[in-house]
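The values are calculated or read from the model by the stated rules, or taken from the named source; none is laboratory data. It should be emphasised that the depicted structure is a prediction, and the values quoted were computed from it without experimental measurement. All Cβ positions, even for glycine, are placed from backbone atoms using ideal geometry, and neighbour counts span all protein chains on display. SASA here: full protein model, heavy atoms, side chains in, ligands and nucleic acids out. Shrake-Rupley method; radii C 1.70, N 1.55, O 1.52, S 1.80 Å.
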Amino acid sequence: MVPARERAYVRLMNAPNLARTVAMTAGGPVDAAGTFVSVERPIGEVGPRDLLVRVRAVSVNPVDLKQRASYDGSDGARVLGYDAAGTVVAVGDGVSFFEVGDDVYYAGSLSRSGSNTDHQLVDERLVGHKPSALDFAEAAAVPLTLLTAWEALFERFRLGSRSTGTLLVMGAAGGVGSMVVQLARRLTDVEVVAAASRPESAEWSLDLGAHRTVDRHRLREEVGPDAVDHLFSPFSAGMVPLCAELLRVHGDVVAIDEPEGLDLLPLKEKSQGWLWEFVFTSPLHDEESTAHHDVLEQAAGLFDSGVLRTTLSRCTGPLSPSVLREAHRAVEGHGMVGKLVVTAEE
């Protein structure tokens, strides 16, 4: 690798100046006019610490659905996408972690244009080298959910390799839940209990490493009161009283959703805690942080050694308005197990 101080800017000769994107010009329902259209947009300047990545695959996350539903079109065309895997075709001043030709994976940032494009600019501090054991589609399924699960377990719950107790994972067969199950089972000594509502979800969770599964509609009966030390919650509306019942004294919840009017008072009697996990906190509030890069690099080794596996369950493509619309519709149906990925090419 050429030291950063010896090169301000390196770019492949055939790297484009325009990106072909699938953008929103209007929000709302997935089939609304203007929801997804093909647009060519200037890539812009490759700035300090920037990588220009040729995107090979992207995944669809619930955050894409939320962004689409709330978009009013006032800011013009907007490109969604918060997961990608691809190849570096240009590097900016000060880049030290990567060079042109590296294969990478990342979740990106809320403050920049998304990954539903053939070329994307991303700060290298948010990027990891793609696990060599995963192809581009398998790698694109991972970053956002991996980072969310990692932070929830090891930063919010503060679990470690010797941690014990019981972890109840709600939505265990979903994107983030699938990574929570794997990480908790492989990197801690906690008992991993996966909440599922369908046989295929339960089977998926057990295959990823859950010690046992429970019916999420029968938690009182199958888990019982005062039986859980930690509870991971991707959907928390109306759940606080039940969480308080299931959790032991001093137990805690980490939630990733955004329920309105949440009343946490039921947690007080047993001195229980409620914490939030928002994966974009670090990029939004500390642009110098390399936390995402560091986790993705460490995780790449875990994928390559077989400790972790991709959560890709469905792959479609190539990226186009109609394909992306169908992908959003599939994820919106709440029947997904694992992750759906859209490839950039046939």
Practice item. Could you please find all residues in the stretch 306-330 being of a type in the set (A, V, I, L, M, F, W, C), touching a helix residue (DSSP H, G or I) at 6+ places or on another chain (Cβ under 6 Å) and either open to solvent by 20 Å² or more (accessible area, probe 1.4 Å) or at positive phi (or both)? Key: Val307, Leu312, Cys315
Point to revise | Options Leu187, Leu246: the member that is more than 20 Å from the chain's Cα centre (by Cα) and surrounded by 15 or more Cβ atoms within 10 Å (Cβ to Cβ) | key: Leu246
Check your understanding: In the stretch 306-321, is there at least one residue being in contact (Cβ under 8 Å) with a residue 60 or more places away in the chain and closer than 24 Å to Asp50 by Cβ?
Key -> yes
**Study point:** Residues that are of a type in the set (S, T, N, Q) and part of a helix (DSSP H, G or I), drawn from the stretch 301-331
**Key:** Ser322
Review point. Limited to the stretch 77-99, what total is found for residues that are buried (at least 21 other Cβ atoms within 10 Å of the Cβ), touching a strand residue (DSSP E or B) at 6+ places or on another chain (Cβ under 7 Å) and assigned to a loop (DSSP other than H, G, I, E, B)?
Key: 5
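Which residues, taken from the stretch 331-340, are crowded, with 16+ Cβ neighbours inside 10 Å and closer than 23 Å to Pro29 by Cβ?
Val331, Glu332, Met336, Lys339, Leu340
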Exercise for review: Go through the stretch 148-159 and give me each residue that's of a type in the set (A, V, I, L, M, F, W, C) and open to solvent by 40 Å² or more (accessible area, probe 1.4 Å).
Suggested key: Phe154
Practice item. May I ask you to list the residues in the stretch 54-76 that are open to solvent by 60 Å² or more (accessible area, probe 1.4 Å) and more than 20 Å from Gly338 (Cβ to Cβ)? Key: Arg54, Ala69, Ser70, Asp72, Ser74, Asp75
Practice item. Output the residue which, of all residues in the stretch 263-298 that are touching a residue at least 40 places away in the same chain (Cβ under 8 Å) and among the polar types (S, T, N, Q), is surrounded by the fewest Cβ atoms within 10 Å (Cβ to Cβ). Key: Ser289
Check your understanding: Between a first residue in the stretch 124-144 that is under 13 Å from Ala299 (Cβ atoms) and a second residue that is of a type in the set (Lys, Arg), which pairs have beta carbons less than 7 Å apart while being 6 or more apart in sequence or on different chains?
Key -> Ala139/Lys130; Ala141/Lys339
Review point. Considering only the stretch 106-147, how many residues are open to solvent by less than 10 Å² (accessible area, probe 1.4 Å), under 14 Å from the mean Cα position of the chain (by Cα) and more than 23 Å from Pro16 (Cβ to Cβ)?
Key: 8
Revision key, fill the gap. Those residues of the stretch 1-53 that are of a type in the set (Ser, Thr, Tyr), modelled with pLDDT of 85 or more and open to solvent by 20 Å² or more (accessible area, probe 1.4 Å) come to a total of 2
